[in-house]
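The values are calculated or read from the model by the stated rules, or taken from the named source; none is laboratory data. Here the structure is a predicted model, which means the values were calculated and not measured. Here the Cβ is made from the backbone with ideal geometry for all residues, glycine too, and neighbour counts use every protein chain on show. Remember, those area values only see protein heavy atoms, side chains included, never the ligands or the DNA or RNA. Shrake-Rupley method; radii C 1.70, N 1.55, O 1.52, S 1.80 Å.
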Amino acid sequence: MCTLTRRGVLASAGILAGSTAFVGTSAQAREVPDARAPRPGSAAPPGKPSSRRHLRPGIEGRDYKPVVVPNGAKLPWKIVDGVKVFHMVAEEVDHEFAPGLKATCWGYNGHVHGPSIEVVEGDRVRIYVTNRLPAATTVHWHGILLPNGMDGVGGLNQKAIAPGETFKYEFTIRQHGMGMYHSHHDEMTQIALGMTGLFVIHPRRPRGPAVDRDFALLLHEWRIDAGARRPNPNEMTDFNVLTMNAKAFPGTQPLVVRTGQRVRIRLGNLSAMDHHPIHLHGYQFRITETDGGEISESAQRPETTILVPVGSTRTIEFVADEPGDWAMHCHMTHHVMNQMSHDFPNMIGVKPGNLDAKVRKILPGYMTMGTAGMGDMGEMNMPMPHNSIPMMGARGKHDYITMGGMFTVLKVRDRLTSYDDPGWYENPPGTLASLASADDLRRDEVDASKPPRGDDGPRVRRG
Ligand SMILES: [Cu+2]
């Protein structure tokens with residue numbers, strides 16, 4: 001062995017590009033970039049991004065447990081001479097955001113967002129991109145460590161892909177975590193129209209506790225006026241459709257988990273202009289990764305809301321030990337509304353008197369709205385403009401859910417026969433907020449007409 005050159009060692013280990021013979025784990029262990037020993041100040045493993053060294057393609061089941069992409073699709077691949085080969089087609093896609101709201105967007109392979117790419121650290125990937133749009137495009141692999149000429153910034157790193165052309169990107173995956181991909185040509189238009197997707201990379205040698213459920217969600221925002229057929233990419237501030245994996249609630253599929261499972265949720269944000277503070281009810285989670293790599297255990301902090309800035313990913317983990325239907329949503333309150341017009345006058349507290357009757361003589365069916373807020377807007381059964389959805393959510397188990405947009409539900413159940421939607425949670429007796437009885441009020445001396453005064457002070461009644 002000692003007479004072999006370095007090249008000879010690599011060749012004998014079967015890990016030169018193009019080789020068809022692959023090697024056992026001991027040789028892999030020497031060649032896989034080791035994220036446990038990052039360069040100082042960087043989460044990136046050592047080695048040049050232009051390195052062509054790679055490992056045998058990671059296979060689902062053997063090398064990783066697949067990520068779950070609610071409402072999403074995965075980009076298929078095949079192996080050619082040890083390289084994972086993908087083919088993306090940029091094209092127009094008719095996409096449904098929620099039942100009742102469709103638009104013609106730009107995406108990939110019939111999907112908005114594009115299908116998620118899922119690979120393993122050490123894989124060599126070759127990704128063909130065919131452009132079937134009426135405009136030039138490129139694809140940037142966001143957060144992925146690669147040679148400069150594969151980075152996909154139109155004009156800077158490559159010629160733009162003209163309509164009808166097919167380009168080829170090829171690089172070795174040297175990291176793990178969640179990145180994204182998106183057009184990097186006429187970014188304002190093409191990202192606004194949906195040309196984005198997730199790029200999930202599993203570690204070659206996982207460490208830390210294994211997760212049972214691994215979800216990935218891409219956040220986005222759109223301007224789609226009621227009745228319009230296309231999102232408006234010129235919008236800068238007033239977005240009215242806010243989505244998780246390109247779905248607005250009630251179009252979002254729930255995240256289904258068995259009680260006690262360890263859960264990972266990966267969140268990416270390719271909105272045009274807004275960061276999204278995503279709040280999970282019922283749990284305290286830890287922030288374990290960003291698109292810059294793993295966060296060391298001692299630096300992970302507990303949170304209940306995770307801010308996902310534009311152009312970033314954040315990964316959280318927790319053990320789902322409390323069953324129920326738990327809301328997970330953007331905490332910006334306008335981001336849980338659907339197709340709301342924000343130039344609506346403030347009607348809170350307005351007393352319309354007999355205005356409605358007067359106006360109805362001219363405008364049959366007129367009704368003054370919003371004087372007590374928007375809470376009834378979802379279920380009023382107002383006549384809706386063509387191709388539009390109610391401003392607020394959908395009927396839930398107990399009442400109307402007055403949130404739409406960037407809202408989904410984590411469903412944790414003690415018993416599951418599948419990960420299909422298990423329906424609404426049955427709250428055990430005594431664990432559901434309910435109407436206070438007259439006996440309750442009397443026992444606790446609660447007078448519904450008179451709130452206690454601050455200077456009453458605490459009183460202890462001995463019975
Ligand atoms: Cu938001």
_So, for segment 110-221, what is the accessible surface per residue at a probe of 1.4 Å, expressed in square angstrom?_
31 Å²
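Around Y425, with a cut-off of 9 angstrom between Cβ atoms, what is the net charge of the other residues, counting Lys and Arg +1 and Asp and Glu -1?
On the way: positive: K397, K411, R413; negative: D325, E426.
Residues close to Y425 contribute a combined charge of +1.
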*lysines within cross-link reach of K411: Cα-Cα under 30 Å, excluding same-chain residues under 8 positions apart?*
K65, K74, K102, K247, K397
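Applying a 10 Å radius around every beta-carbon, put 64-70, 178-184, 395-401, 226-232 in order of their mean neighbour count, most first.
Details: 64-70: 18.1, 178-184: 25.7, 395-401: 13.0, 226-232: 15.4.
Result, highest mean first: 178-184, 64-70, 226-232, 395-401.
State whether segment 213-327 is rounded, prolate or oblate according to the following rule on the C-alpha gyration tensor (a ≥ b ≥ c being the square roots of its eigenvalues): a/c under 1.5 gives rounded; otherwise a/b larger than b/c gives prolate, and the remaining case gives oblate. Don't jump to the answer; show the numbers that get you there.
Details: a/c = 2.78, a/b = 1.60, b/c = 1.73.
Note, shape of segment 213-327 comes out oblate.
Write out the trypsin sites (Lys or Arg not before Pro) in segment 48-113 meeting two conditions: DSSP loop, and at most 12 other Cβ atoms within 10 Å of their Cβ. Write down the numbers at each step before the final one.
On the way: sites: R52, R53, R62, K74, K78, K84, K102; in loops: R52, R53, R62.
Loop-located and lightly packed - R62.
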*Cross-link partners among aspartates and glutamates for K159, C-alpha distance below 20 Å, same-chain residues fewer than 8 apart left out?*
E91, D151, E170, D186, E187
*Within segment 274-360, which chymotrypsin sites (Phe, Trp or Tyr not before Pro) sit in a loop by DSSP and count at most 11 neighbouring Cβ atoms inside 10 Å?*
none
*Heavy-atom accessible area per residue, segment 244-322, 1.4 Å probe: how many Å²?*
38 Å²
